[in-house]
Amino acid sequence: MERADEGLAFLLRYENIAWYKNGEVRILDRRIYPIRTEFVTCKSVQEVAQAIKDMVTQSAGPYLAAAMGMALAAHEIADRKDVDVLTYMEDAAYTLSHARPTTVEQMKRIVGGAVDIVRQSLREGTRGEALVEALFQYAFNFVNNNYKKYTLVGENLAKLIPKNGTIMTQCFGDTVVGTILRACKRLNNPIKVICAETRPYFQGSRLTASVACDMGFPVTVITDNMPGYTLKAKNVDLFTSASDVITVDGHIINKVGTFQIALAAHYYGIPYYVTGTPDPDHPDIRDVRIEERDPELVLKALDVKLTMDGVEGFYPAFDITPPELCSGVVTDLGVYLPQDLKRYFADSEKNSQEE
């Protein structure tokens, strides 16, 4: 099968995200990359879930880690006769999908697909390492198809960027960052990239900037309190971010800080395009839970404590950008107004029927 990660940065190659092999899932530690290039090796489902919870990988990384974690779960019981395979795998799916609260519904769909493979394999008498291989192939196909989908997203967004334009990003959009830049290369459009640093994990400065630099694009990092001034001073043409959830009514849940950049961009008349697809499990904002992470992380920078003892922190991981601040939702099927996302599902069903 043709790999859809060809031409992308080191960080976005499948083996450098999360990869199952010989009873282990190896995950690139994005908390320290590119300062150091190290991998966390997980030998159990619980260790994979903990790595996801601890932000060893983030953005789209946890989805591949969870899928590879299901192959590891099958390996854990490959030689055990005293275990109900389906029950064990369903428990593993729950553990992996609930590692972080905001993305539970998306995770459930991914590990649920793996459980479906288990059911089918058991009906066909496939067990042991053959089941492991089937789940590894499922994980590979998942990430490869996801990259193909985001190749279309990247191409659709690249067409919106002016020639020699400048874009600003927030956090780390993972696959879509690479596919946007790869599409710009194909369009011979040498864009400039400005990345907000995205504390406290610095995903923008360490991850987005690394991908852009690795792929040969001029990239500038700014601190998280500079976007409002920089949008005007550097003549930014377009602000873009990925999304952790897009509700069907057009609200965007993404790394905290997205809302304030979208607000400033709106003030200056700079378009904000979010990448992703609406989530049918979230018709509106009411049932979206905003994850609050360890407040101690706010008081540190790369594990260096910055505050006096007794100072408290507050760390909401995401914020909510209302639809009126978004110029369009860039999907694999095209660009939709955030107020018109129900049409995405109709178009998707139509495409499926035509295929």
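The values are calculated or read from the model by the stated rules, or taken from the named source; none is laboratory data. Because the structure is a prediction, the values reported are computed rather than measured. Don't worry about glycine lacking a Cβ; one is built from the backbone with ideal geometry, like all the others, and counts go over all protein chains shown. Accessible surface is based on the protein model in full, side chains and every heavy atom, while ligands, DNA and RNA are left aside. Shrake-Rupley method; radii C 1.70, N 1.55, O 1.52, S 1.80 Å.
Using a Gaussian network model of the chain in which every pair of alpha carbons under 10 angstrom is joined by a spring, one finds that among 165, 204, 125 the greatest mean-square fluctuation is at 125. Using R0 = 41 Å, the C-beta based FRET efficiency linking residue 133 and residue 346 works out to 0.65.
Once the chain from residue 21 to residue 302 is taken as fully extended at 0.36 nm per residue, the excess over their C-alpha distance is 98.1 nm. Helical content alone sets the calculated 222 nm signal of the chain at -12500 deg cm²/dmol, taking -39,500 (n - 2.57) per DSSP H segment of four or more residues and averaging over every residue.
Annotation: per residue accessible area for the range 10-149 equals 43 Å², rounded to a whole number [probe 1.4 Å, protein chains only].
Here the mean projected area of the convex hull built on the C-alpha positions of the range 10-149 is 7.9 nm².
Among the GluC sites (Glu not before Pro) in the range 26-133, those located in a DSSP loop and surrounded by at most 15 other Cβ atoms within 10 Å of their own Cβ are 38, 124.
Working from Cα pairs under 8 Å separated by at least six residues, relative contact order for the range 159-354 is 20 percent. For the range 1-126, with all protein chains in place and a probe radius of 1.4 Å, 46% of the accessible heavy-atom surface sits on carbon or sulfur. Among the listed pairs 53/342; 53/108; 148/185; 108/350; 163/232; 149/232, a Cα-Cα separation exceeding 23 Å is found for 53/342; 108/350; 149/232. Residues whose amide H falls under 5 Å from that of residue 301, counting only those 5 or more places apart or on a different chain, are 306, with hydrogens built in the peptide plane.
The long axis of helix 128-158 is offset from the longest Cα principal axis of the chain by roughly 20 degrees. Classify the range 159-354 as rounded, prolate or oblate, taking a ≥ b ≥ c as the square roots of the eigenvalues of its Cα gyration tensor: rounded when a/c is under 1.5, otherwise prolate if a/b is larger than b/c and oblate if not. Oblate, because a/c is 1.5 or more while a/b does not exceed b/c.
When you restrict to C-alpha pairs under 8 Å that are six or more residues apart and normalise by the size of the chain, the relative contact order lands at 14 percent. In order along the range 24-31, phi translates into HN-Hα couplings of 9, 10, 9, 10, 4, 7, 6, 6 Hz, rounded to whole numbers, per the Karplus curve 6.51 cos²θ - 1.76 cosθ + 1.60 with θ = phi - 60° and x for Gly and Pro.
In order along the range 58-66, phi translates into HN-Hα couplings of 8, 6, 7, x, x, 5, 5, 4, 5 Hz, rounded to whole numbers, per the Karplus curve 6.51 cos²θ - 1.76 cosθ + 1.60 with θ = phi - 60° and x for Gly and Pro. The residues of the range 159-354 expose, per residue, 46 Å² of accessible area to a 1.4 Å probe.
Between the helical axis of 175-186 and the dominant principal axis of the chain, each derived from Cα atoms, what acute angle in degrees is found, rounded to the nearest 10? Its long axis makes an angle of about 60 degrees.
For the range 136-221, carbon and sulfur atoms together expose 55% of the accessible surface, with a 1.4 angstrom probe and every protein chain in place.
The string of couplings for the range 204-215 from the Karplus curve (6.51, -1.76, 1.60, θ = phi - 60°) is x, 6, 8, 9, 4, 5, 5, 4, 4, 5, 4, 9 Hz, one whole number per residue in order, with x for Gly and Pro. Angle between the Cα long axis of helix 85-97 and the longest principal axis of the chain, 0 to 90 degrees, nearest 10? Rounded to the nearest ten degrees, it is 20.
Computed across the chain, the Kirkwood radius stands at 21.0 Å (inverse of mean 1/r, all Cα pairs). Taking residue 21 as the anchor, which lysines have their alpha carbon closer than 20 Å to its alpha carbon, excluding any fewer than eight residues away along the same chain? Leaving aside lysines fewer than 8 places away in the same chain, those within reach of residue 21 are 43.
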